[in-house]
Amino acid sequence: MAALSEHGGTDRRELESLGLDESDVLDLSVNVNPLPWSAEIRAAFRSWDPRSYPDRTSLLARRALAERFAVAGAQVVLGNGATELLWTLLDAIRPTAVTVIEPAFSELRTAALAKQIPCTQHRTDVLSDFSFPAIDSFAPDTVVYFAHPGNPLGAPADLERVETWARRNPRTLFVADESFLNLSEDFDDLDRVLPSNVLRLRSLTKDFGLAGVRVGYMLAPASIVEAMETVRPPWTVNALAQKLVLASLRSSDWLARARNELCAARRQLVAKLDSAGFETLPSTTIYCMVRVGEGSRCKRFLLREHRIRVRDCASFGMPGWIRVAAREAQTHHRLLEALNDARRSSV
């Protein structure tokens, strides 16, 4: 059995060891939109009938996404979350190797290792700039994965370099993980045209607070979409998820307001952290990174003493840092008090 990647969210065994319940904890380790759902999303939940089978082809949802992003319906694949699409992609195309631009979400690396596909990492220098490695060429029939904006950094990707890579390496597939792009200051890049060998991976989980439903999609060449559909079982995307895709596309005004509010909250949080003497890294989305000494110890201290959960960044290769999601001002005050307590305690 493949090892599970560490993600944000509540670890029930960890909570039980501390005598805590999920409802006791302020979870700042997940970057899911915390705001109340749009009217369209609420209506989709109310109208869902769980007795009916889902459309095994997700036709209406795929057609709506294709219309929104001006691509053919055959270039859209829906999945049970973005993670499922990453695993399915490797099954579908069986690349000779995977390259991950680090630090990054670990799931594609985990999938590659589970499927015994060689995986290499190229790390950006996060403390000086966020430019991608100066690489000219990649081996044919490989997959190169990066995030825009980055996770856990929150910084935008170097799309100019990606475009150059894609043009110079037409037999290489580049996977742009845009799970947080709709909630970032660079959201206009959703409509930026990139070379056809750049696959666009997106998640409704983050945008609309739907982590429990699991729904994501990928824009890709039709041949890759067909191959992905061939290697996975039917009914991977449930009927509620398909309905929520349609509702999300009718919620653009709500999403714009949510984006503005959450990005403003992140700027306010960073200002408070910087004023208190904590080192942070620039971010364009709804989370930021904070240097704390030893992230794993700080995470345990905050959970045990303050019932606050943050994301330890050791799995991203940054053990001295934590990642925190922005919330309302009262929550920021509580987090800052907890971090100051950890600093006084030399955690």
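The values are calculated or read from the model by the stated rules, or taken from the named source; none is laboratory data. On a predicted model such as this, the values are computed, not experimentally measured, just so you know. As a convention, Cβ positions derive from the backbone with ideal geometry for all residues, glycine included, and neighbour counts pool all protein chains shown. Please note that ligands, DNA and RNA were not included when accessible areas were found on the heavy atoms of the full protein model with its side chains. Shrake-Rupley method; radii C 1.70, N 1.55, O 1.52, S 1.80 Å.
Among ASP27, ASP91, which is the only one that is of a type in the set (Asp, Glu) and over 22 Å from VAL144 (Cα atoms)?
Details: ASP91 fails: over 22 Å from VAL144 (Cα atoms).
Answer to the check: ASP27.
Can you list the helices (runs of 4 or more DSSP H) lying wholly within segment 151-245 that have 3 or more residues being aliphatic (A, V, I, L, M), in contact (Cβ under 8 Å) with a residue 60 or more places away in the chain and closer than 17 Å to THR83 by Cα?
On the way: elements: 159-168, 204-208, 222-231.
Here the list reads 222-231.
Just name the residue that is farthest from PRO156 (Cα to Cα) out of those in segment 271-295 that are open to solvent by less than 60 Å² (accessible area, probe 1.4 Å) and part of a strand (DSSP E or B).
Looking at residues that are open to solvent by less than 60 Å² (accessible area, probe 1.4 Å) and part of a strand (DSSP E or B), I get VAL290.
Which numbered condition in (1) within 19 Å of the chain's Cα centre (by Cα); (2) closer than 15 Å to TYR145 by Cβ; (3) modelled with pLDDT under 95 is the only one that PHE130 fails?
Answer for PHE130: the failing condition is (2).
Quick check on my filter: what residues within segment 43-63 are closer than 16 Å to VAL215 by Cβ and not aromatic (Phe, Trp, Tyr)? If you could, list the steps in order and put the result at the bottom.
Taking segment 43-63 first, the residues closer than 16 Å to VAL215 by Cβ are 44-45, 48, 50, 54-63.
If the condition is that a residue be closer than 16 Å to VAL215 by Cβ and not aromatic (Phe, Trp, Tyr), then ALA44, PRO50, PRO54, ASP55, ARG56, THR57, SER58, LEU59, LEU60, ALA61, ARG62, ARG63 are the ones that fit.
Would you say ALA265 is buried (at least 21 other Cβ atoms within 10 Å of the Cβ), assigned to a helix (DSSP H, G or I) and out of contact with any strand residue (DSSP E or B) (no Cβ under 7 Å at 6 or more places or on another chain)?
Values: buried (at least 21 other Cβ atoms within 10 Å of the Cβ): no; assigned to a helix (DSSP H, G or I): yes; out of contact with any strand residue (DSSP E or B) (no Cβ under 7 Å at 6 or more places or on another chain): yes.
Against the criterion (buried (at least 21 other Cβ atoms within 10 Å of the Cβ), assigned to a helix (DSSP H, G or I) and out of contact with any strand residue (DSSP E or B) (no Cβ under 7 Å at 6 or more places or on another chain)), ALA265 does not qualify.
Only one of ARG214, ARG161, ARG202 is at pLDDT below 95 and under 18 Å from ALA61 (Cβ atoms); which? Give the derivation first.
Numbers: ARG161 fails: under 18 Å from ALA61 (Cβ atoms); ARG202 fails: at pLDDT below 95.
Testing whether each residue is at pLDDT below 95 and under 18 Å from ALA61 (Cβ atoms) leaves just ARG214.
Does GLU305 qualify as being more than 26 Å from GLY216 (Cα to Cα), acidic (Asp, Glu) and part of a helix (DSSP H, G or I)? Steps first, please.
Details: more than 26 Å from GLY216 (Cα to Cα): yes; acidic (Asp, Glu): yes; part of a helix (DSSP H, G or I): yes.
For GLU305, the condition - more than 26 Å from GLY216 (Cα to Cα), acidic (Asp, Glu) and part of a helix (DSSP H, G or I) - is met.
Can you tell me which residue within segment 214-254, out of those that are over 16 Å from SER203 (Cβ atoms) and aromatic (Phe, Trp, Tyr), is least open to solvent (accessible area, probe 1.4 Å)?
Restricting to residues being over 16 Å from SER203 (Cβ atoms) and aromatic (Phe, Trp, Tyr), the top hit is TRP254.
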